[in-house]
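The values are calculated or read from the model by the stated rules, or taken from the named source; none is laboratory data. This is a predicted model, so every value here is computed, not measured. Don't worry about glycine lacking a Cβ; one is built from the backbone with ideal geometry, like all the others, and counts go over all protein chains shown. Heads up: the accessible areas ignore ligands, DNA and RNA and are worked out on the full protein's heavy atoms, side chains in. Shrake-Rupley method; radii C 1.70, N 1.55, O 1.52, S 1.80 Å.
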Amino acid sequence: MKLSKLLAALFVGVLSLSVHAEEPIIIKFSHVVASETPKGKAAEYFAKKAAELTHGKVRVEVHANSTLYKDKEEMEALQLGAVQMLAPSLAKFGPLGAKEFEVFDLPFIFRNYDDLHKVTAGPVGVQLFTKLEPKGIMGLAYWDNGFKSFSANTPIKLPADLKGKKLRIQSSKVLEEEIRALGALPQVMAFSEVYQALQTGVVDGTENPISNLYTQKMHEVQKYLTITDHGYLGYAVIVNKKFWTGLPDDIRKQLAEAMRQATDYANQIAKAENDQALDLVRKSGKTTVYEPSPEERLAFKKALVPVHKKMEERIGKDIIESVYKATDFNPNAL
Ligand code: LMR
């Protein structure tokens, strides 16, 4: 065969190979926070690992900052299969009917990340994921974010300073009760709407881990931020069950490994990302950051820990007690 013919045959061969090359499996991963948050970074990390470990057979498309769906819509989209993967805050599972997840919202239930990991990496974490399966959802991992602080346009030193204020919260009944326990007015609102609501005075204040506050520029429209660390906000990474169980075994295993690595990464960076965000908020000079004294912190604890008992019926006494047991938490010893 002449060289030109050989080359032509080779060219046709390559062409037909590429035509027949399998299309990658697409995973749409939607979330509501900025790309430079712990969740945003971990989602990108997962996408990279998924491509590497499946040798390009899976492409994860990350849609950040509510560009695809807002809070409530993203849950519906996952159930319908319009997206395959999400990482909603643990405070957003109540409307789905998985009220037990609101145990994570109980004020002061975790003293630190170590307490939290005893729950997320232990039997309670596994037990909670089983609640999702009847809803066509599977839980793959828990990703950390951080501890929440209150912000407003008036100084906050004691619970009484929040009395009568309209405070934006996520869609959790426990958080509603928390805000009422302060004598304030809870306003459930999608994350994407918070900045504007703060700016226009639709709400007076809110609670957030600092990474969320900073990346949404909320500190530019809140004059005061008090480091209350009164509750935790983190995530469950979830997938559409039909999609996940329908994947070829080898691909599912590779994706599970990519998720394991992304989870390690997420949980390694979360605290540092929040510390760094607090530094940047301080440096911005746009809000006054206040560190409460031990007495002031105790006043917040005394006002908020009674929420545990009040929400016992909704969350389940057994789940709350399992968390207490895992973390050695005694609600009577403040
Ligand atoms: C919020 O709505 O405040 C958070 O759940 C956003 C997030 O995903 O961290």
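With contacts taken as Cα pairs under 8 Å at a separation of at least 6 residues, region 160-246 carries a relative contact order of 25 percent.
Using a probe of 1.4 Å on the protein chains alone, the accessible area found for R180 is around 120 Å².
Cross-link pairs exceeding 27 Å between alpha carbons, from the set K70/K325; K48/K283; K131/K242; K41/K302; K48/K242; K39/K242: K70/K325; K48/K283; K41/K302. Farthest towards the positive end of the charge dipole of the chain, among the residues V60, A43, L140, is the Cα of V60, using unit charges on the Cβ of Lys, Arg, Asp and Glu.
Using C-alpha pairs under 8 Å with a sequence gap of at least 6, the mean separation divided by the residue count of region 2-327 gives a relative contact order of 25 percent. For region 124-196, taking the reciprocal of the average inverse distance between every pair of different Cα atoms yields a Kirkwood hydrodynamic radius of 14.8 Å. Largest to smallest in accessible area, the residues L80, L86 fall in the order L80, L86 (1.4 Å probe, all protein chains included).
Normalised by residue number, the volume inside the convex hull of the Cα atoms of region 289-334 is 100 Å³ per residue. Taking all protein chains together, T245, T67, T37, T215 sort by accessible area into T67, T245, T215, T37, largest first [probe 1.4 Å].
With every protein chain left in place, what is the accessible area per residue of the chain in square angstrom, probe 1.4 Å?
46
Working value for region 23-119: equivalent-ellipsoid semi-axes of 26, 18, 12 Å, each the square root of 5 times a Cα gyration tensor eigenvalue, largest first. Give me the net charge of Y235's neighbourhood, meaning all other residues with Cβ under 15 Å from the Cβ of Y235; Lys, Arg count +1, Asp, Glu -1. My count for the surroundings of Y235 gives -3.
Ordering V58, V221 by accessible surface, largest first, gives V221, V58; the 1.4 Å probe counts only protein heavy atoms, with every chain in place. Which helices count as membrane-span-like in the chain under these terms: full DSSP H, at least 18 Å along the axis by C-alpha, Kyte-Doolittle mean of 1.0 or more? Qualifying helices: 3-20.
For region 71-123, the relative contact order works out to 20 percent when only alpha carbon pairs closer than 8 Å and six or more residues apart are counted. Expressed as a whole percent, the proportion of Cα-Cα pairs in region 264-316 lying more than 15 Å apart is 70%. Modelled label positions at S293 and A160, each set 7 Å beyond Cα in the direction of Cβ, lie 1.4 nm from each other.
When only the Cβ of Lys, Arg, Asp and Glu is charged (+1, +1, -1, -1), the dipole of the chain relative to its Cα centre reaches about 400 debye.
Rounded, prolate or oblate: which one fits region 216-334, using the alpha carbon gyration tensor with axes a ≥ b ≥ c (rounded when a/c is under 1.5, else prolate when a/b beats b/c, else oblate)?
Here region 216-334 falls in the oblate category.
In units of the rule-of-thumb radius 2.2 N^0.38 Å, the chain shows an alpha carbon radius of gyration of 1.13.
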